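The values are calculated or read from the model by the stated rules, or taken from the named source; none is laboratory data. All values reported here derive from a predicted model rather than from experimental measurement. Using ideal geometry, Cβ is built from the backbone for each residue, glycine included, and neighbour counts are taken over all protein chains shown. Heads up: the accessible areas ignore ligands, DNA and RNA and are worked out on the full protein's heavy atoms, side chains in. Shrake-Rupley method; radii C 1.70, N 1.55, O 1.52, S 1.80 Å.
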Amino acid sequence: MILVTGATGTVGRALIDQLLSAGERVRATSRHPATAHLPADVEVVEADLGNPTQTAAAMRDVDRVFLLSTGPAIPEHDAVVTRAAAEAGIARLVKLSSGRTGDDTATDPIPTWHRAGEQSVRTAGVPWTIVRPLGFMSNALHWAGSIRAHGAVYAPYGQGRIAVIDPRDIAAVAKVALTTDGHDGQVYTLSGPQALSPGEQTAVLGAVLGRQLEFIEVAPEQARQAILDHGVPTELADAIMALRATALEAFTSVVHDTVARLTGTPPRTFEQWAADHAIEFHSTAA
Ligand SMILES: NC(=O)c1ccc[n+]([C@@H]2O[C@H](COP(=O)([O-])OP(=O)(O)OC[C@H]3O[C@@H](n4cnc5c(N)ncnc54)[C@H](OP(=O)(O)O)[C@@H]3O)[C@@H](O)[C@H]2O)c1
């Protein structure tokens, strides 16, 4: 049985569908199992990754683990999960990390948190694989409100290009690493097929939605305030802004062949992602 943490989130949810399609038995963790809304075939257990007792209980009868942790708690949660995995005799652990963890010059919070988490993974004594995606295509969902209301995307760092990836392709790589041999000790950096600026993503969204959309570059401070206005804690908002600034660096615009190499299928384009999520950008969406 495979334990999927972060199961109700973007990547975890996609991974669950792919594992079930492959006939795997899946257990999922959530802090709120009653509202997890996962497929009936999934066993859902309550676990906060900061709670060692719940996390250890979630690993009973499990042989493989997908580790997804988020925010400032990544180092602590990865330590809890890897300790529990070692005690449970887990045969294979796949950690979702972040692409920029591989950029040695990156000292901002998110890669720093993931580097600490990766260290727990490497030293736990459990066979591991680390998956490091660049920016998610699904981050564009943050623009849905302003697209619906004003036909506009407001974003900072307009000159920056990121080789954004569809979360379903991240899940596909995680599935391969969890279900096939030959991935122990491997670190996979993942990207989509093309580096795009926010203005170029706006143009693709406009073409897919059949609407004229405007891209308006905003100052980083304005973007930070918008994140805070959504209720995101200051530490996380600052970490997100530090990450966004790195869109201007060449590192995030490099296209990697990993998805095609590991899954046998080319990564989805942003156009495909946008078409599959068009309903979320239409004016009639909630
Ligand atoms: N967005 C990007 O561009 C990007 C790029 C590279 C890497 N990443 C990495 O991707 C990860 C985020 O993935 P995602 O977007 O799929 O996540 P997400 O949609 O934000 O979902 C977060 C998941 O984590 C679970 N969770 C949160 N706090 C928890 C806790 N204390 N204990 C147990 N579970 C907890 C939530 O489950 P419940 O609420 O059900 O408990 C939820 O399933 C982060 O590690 C991030 O650094 C993101």
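Observations, loosely collected:
- Segment 84-103: number of residues that are of a type outside the set (S, T, N, Q), in a helix (DSSP H, G or I), over 14 Å from residue 5 (Cα atoms) and within 16 Å of the ligand (Cβ to nearest atom): 3
- Answer residue from segment 1-18, given it is assigned to a helix (DSSP H, G or I) and within 18 Å of residue 81 (Cβ to Cβ) and is nearest to the ligand (Cβ to nearest atom) among those: 11
- In segment 19-46, the residues that are near the ligand (Cβ under 6 Å from one of its atoms) and either open to solvent by 30 Å² or more (accessible area, probe 1.4 Å) or in a loop (DSSP other than H, G, I, E, B) (or both): 31, 32, 36
- If you go through segment 149-194 and pick out every residue that is more than 17 Å from residue 261 (Cβ to Cβ), open to solvent by 20 Å² or more (accessible area, probe 1.4 Å) and aliphatic (A, V, I, L, M), you end up with 2.
- Qualifying residues in segment 257-286 (those that are under 20 Å from the mean Cα position of the chain (by Cα) and in a loop (DSSP other than H, G, I, E, B)) - the one surrounded by the fewest Cβ atoms within 10 Å (Cβ to Cβ): 265
- Evaluation of residue 54 against (1) touching a strand residue (DSSP E or B) at 6+ places or on another chain (Cβ under 7 Å); (2) open to solvent by less than 50 Å² (accessible area, probe 1.4 Å) (one fails), failing number: (2)
- For segment 216-230, a residue qualifies if it is open to solvent by less than 60 Å² (accessible area, probe 1.4 Å) and either part of a helix (DSSP H, G or I) or not aliphatic (A, V, I, L, M) (or both), and the qualifying residues are 220, 223, 224, 226, 227, 228.
- Yes/no for residue 100 being in contact with a Phe, Trp or Tyr (Cβ under 9 Å, 6 or more places away or on another chain), modelled with pLDDT under 95, buried (at least 22 other Cβ atoms within 10 Å of the Cβ) and not polar (S, T, N, Q): yes
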